[in-house]
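Student: Please see the structure below; I have some questions.
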Amino acid sequence: VYSLIHVLQKPRVCILGGGFGGLYTALRLESLQWPEDKKPHIALVDQSERFVFKPLLYELLSGEVDEWEIAPRFSDLLANTGVQFLKDKVKVLKPSDHLGVNGSNASTRGGTVHLESGLHIEYDWLVLALGAEAKLEVVPGAVEFAIPFSTLEDARKVNNRLTILERKTFGKDYQISVAIVGCGYSGVELAATVAERLQNKGVVRAINVETTICPTAPPGNREAALKVLSSRKVELLLGYFVNCIRRASELESTNTPTEVESVETVPGFEKYILELQPAERGVQRKIIEADLVLWTVGSKPPLPHLEYSDVPFVIPLNARGQAETDETLRVKGHPRIFALGDSSALRDSTGRILPATAQVAFQQADFTGWNLWAAINGRPLLPFRFQNLGEMITLGRSDAAITPSFIEGLTLEGPVGHTARKIAYLMRLPTDEHRLKVGISWLTKSAVESVSLLQSTLSKVLSDSSARSD
């Protein structure tokens, strides 16, 4: 067995997953004051070489941000820290801290993580922050034909597909058809962004099993979103779930009569047919066609798919595949393992599992870092209490809505909401150095756009003045 980490005496912390939960926990640990002999050796493992600030992925489609701004390399972010980054994937967990072993109520042993590359990491403390993957297999055809929107690779793929469709249909009388499955925050943000990008060259349809969009959102955010979607002519198909997705060519070859009479396709592109089933009885089913199908519903944590060496002592998971934790974010029965974000099944004061949002992961990372410090230094751990600061939704290049929790009834919409949202997320970027670089970049772009707008306005004024003179 090859031990990748072997640092005498110093605690060894292994963090699995480099999203908001994992990366920000590592940075929090680095920022704390440690006794010289207690400062841990930290290893951060992620299968991607880049951290992705997911709430700003939509801005990649609109062209508002550059990839380096929202997806910096881990090696750059961690260059001035003691955190060791490993681009690898977890294969096997071998925890050795089970409560009750040999009659003991505590354990001084951690365990080992086996990576797909063959490397083994011995740890004293483990953090599970593996996030979640898109869940497409629930609907026939979704895995083959739909594109999720939760990773940098997904955003690249969607952007490339849209670019090719735009290029192939340029100058032609053809409406690009995009179907978006799901009308939660992600689906609505995607619908607003894609509709704005396509303008009068495309049709966007958003499908949701609920009879409203963003059912858990504050009323102000929902109303602002409905207003924008209506102005961009997004067709909302509410109260329907997708029964299956098929290639249009397959449907035609079966000679099955459908509501889609003729299917015009883009050269070199397959068109898809979505069968929609009503959620309520008495409503007729629908069949729609699309050049591009985007998927924003359902997720699955990868924890159930990991291998465990000792079957009787697996990580306790709930039905969703999330680790059951106590209030301090420690996994139940495993005092040396913490779980947060999508990997955790922590409940709020009402008994509901906390939502898998960036805001929750930010706050849990702060607590996880502190509680690791406390555990290593023999101090009491703090119970996590989520503080809802409000909710934000992007609706295009200069449109967004923000409903802060500390001012009842207030919703910032339009350009004001858009600016406030960008500032809020700028302040949440992982390091001071990266925040500074991105802030300068955004200010420069804003200045260039302002100059361009001024030039356009002046040209129009001069043109109008010249026309009147003639």
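The values are calculated or read from the model by the stated rules, or taken from the named source; none is laboratory data. Note that this is a predicted model, so its numbers are computed, not measured. Counting neighbours? That spans all protein chains shown, and the Cβs are built from the backbone with ideal geometry, glycine included. The accessibility values were calculated without ligands, DNA or RNA, using every heavy atom of the protein model including side chains. Shrake-Rupley method; radii C 1.70, N 1.55, O 1.52, S 1.80 Å.
Student: Rounded to the nearest 10 degrees, what's the angle between the helix 432-469 long axis and the longest principal axis of the chain, both from Cα atoms, 0 to 90?
Tutor: With rounding to tens, the tilt is 10 degrees.
Student: May I pose another question? Would you mind telling me the antiparallel percentage of the DSSP bridges in the chain, rounded to 5?
Tutor: In the chain, DSSP labels about 50 percent of beta bridges as antiparallel.
Student: OK, next. Roughly what angle does helix 152-168 make with the longest principal axis of the chain, taking Cα atoms, 0 to 90 degrees, to the nearest 10?
Tutor: So the inclination is approximately 10 degrees.
Student: Between Thr163 and Arg247, what FRET efficiency comes out of the Förster formula 1/(1 + (r/R0)^6) with R0 = 22 Å and r the beta carbon distance, rounded to 0.05?
Tutor: Plugging the Cβ-Cβ distance into 1/(1 + (r/R0)^6) gives 0.50.
Student: Out of the trypsin sites (Lys or Arg not before Pro) in the range 316-353, which ones are loop residues according to DSSP with at most 10 other C-beta atoms within 10 Å?
Tutor: Passing both the DSSP loop test and the Cβ count: Arg352.
Student: Turning to a different aspect of this structure: Under the Karplus relation 6.51 cos²θ - 1.76 cosθ + 1.60, θ = phi - 60°, what is the ordered set of whole-Hz ³J(HN,Hα) values for the range 14-21, x standing for Gly and Pro?
Tutor: With coefficients 6.51, -1.76 and 1.60, one gets 10, 10, 9, x, x, x, 4, x Hz.
Student: I've got another one for you. Return the Cα extents of the range 363-451 along principal axes one, two and three, sorted largest first, each rounded to a whole Å.
Tutor: 58, 35, 16
Student: Further, regarding this structure: What is the helix-to-structure angle for 219-231, meaning the angle in degrees between its Cα long axis and the longest Cα principal axis of the chain, kept from 0 to 90 and rounded to the nearest 10?
Tutor: Once rounded, the angle reads 40 degrees.
Student: Taking 8 Å as the Cα distance limit and 6 or more residues as the minimum spacing, I'd like the relative contact order of the chain as a percentage.
Tutor: The normalised contact order for the chain reaches 17 percent.
Student: For the chain, with all protein chains present and a 1.4 Å probe, just round the carbon and sulfur fraction of the accessible area to a whole percent.
Tutor: The computed percentage sits at 52.
Student: How far apart, in nm, are the 7 Å Cα→Cβ label points at Ser48 and Lys445?
Tutor: About 1.7 nm, to one decimal.
Student: Let me know the whole percent of all Cα-Cα pairs from the chain that are separated by more than 32 Å.
Tutor: 47 percent
Student: Show me 35-42, 81-88 ranked by packing, highest mean number of other Cβ atoms within 10 Å first.
Tutor: 81-88, 35-42
Student: Volume per residue, Å³, of the convex hull around the alpha-carbon atoms of the range 1-96?
Tutor: In the range 1-96, the Cα hull volume divided by residue count equals 124 Å³.
Student: Against the 2.2 N^0.38 Å scaling, with N counting residues, where does the range 309-421 land? I'd like the Cα-based Rg ratio to two decimal places.
Tutor: Cα-based Rg divided by the globular estimate yields 1.33.
Student: Using only the alpha carbons, work out the radius of gyration and Dmax of the range 284-374 in angstrom.
Tutor: According to the Cα coordinates of the range 284-374, Rg and Dmax are 17.1, 59 Å.
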